Amino acid sequence: MAHRRRRPRERTLRESSSYSCDWCHENVEIPIDWSAGGEQEMVEDCPICCRPNVIHVELDEDGALRVWAARE
Ligand SMILES: [Zn+2]
């Protein structure tokens, strides 16, 4: 009987990601703090245009990371 190796599902949690500023459309790199959970919302000032973005971070069931920004 053949043994099947079961691989634990690996989740690569990236430590940073980037969003596109909703004001100036520049790409901004942000660190992600996973201790805050897989679903986050935070307000960050864009380092390029200094206007506030509400950053949404979401980790879906497949482990895919979605990061997007909206105007505050
Ligand atoms: Zn900006």
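The values are calculated or read from the model by the stated rules, or taken from the named source; none is laboratory data. These figures come from a predicted structure and were not determined experimentally. Cβ sites come from the backbone with ideal geometry, for glycine too, and all protein chains shown count toward neighbours.
A few points about this structure:
- Subset of the range 37-72 (residues that are touching a Cys at 6+ places or on another chain (Cβ under 8 Å), near the ligand (Cβ under 9 Å from one of its atoms) and either free of Cβ contacts under 8 Å to residues at least 12 places away in the same chain or not hydrophobic (A, V, I, L, M, F, W, C) (or both)): 51, 53
- Residue under evaluation residue 46, criteria (1) within 26 Å of residue 71 (Cβ to Cβ); (2) at pLDDT below 95, criterion not met: (2)
- Selection count where residues are within 18 Å of residue 54 (Cβ to Cβ) and of a type in the set (D, E, K, R), scope the range 11-34: 4
- When the range 46-68 is filtered for residues that are exposed (fewer than 13 other Cβ atoms within 10 Å of the Cβ) and not in a loop (DSSP other than H, G, I, E, B), only 66 remains.
- Taking first residues from the range 19-36 that are at pLDDT 95 or above and among the β-branched types (Val, Ile, Thr) and partners that are surrounded by 13 or more Cβ atoms within 10 Å (Cβ to Cβ) and outside any strand (DSSP E or B), the Cβ contacts under 9 Å between residues at least 6 apart in sequence or on separate chains come to 28/21; 28/46; 28/48.
- The residue that is surrounded by the most Cβ atoms within 10 Å (Cβ to Cβ), among those in the range 14-29 that are within 15 Å of residue 70 (Cα to Cα) and among the hydroxyl-bearing types (Ser, Thr, Tyr), is 19.
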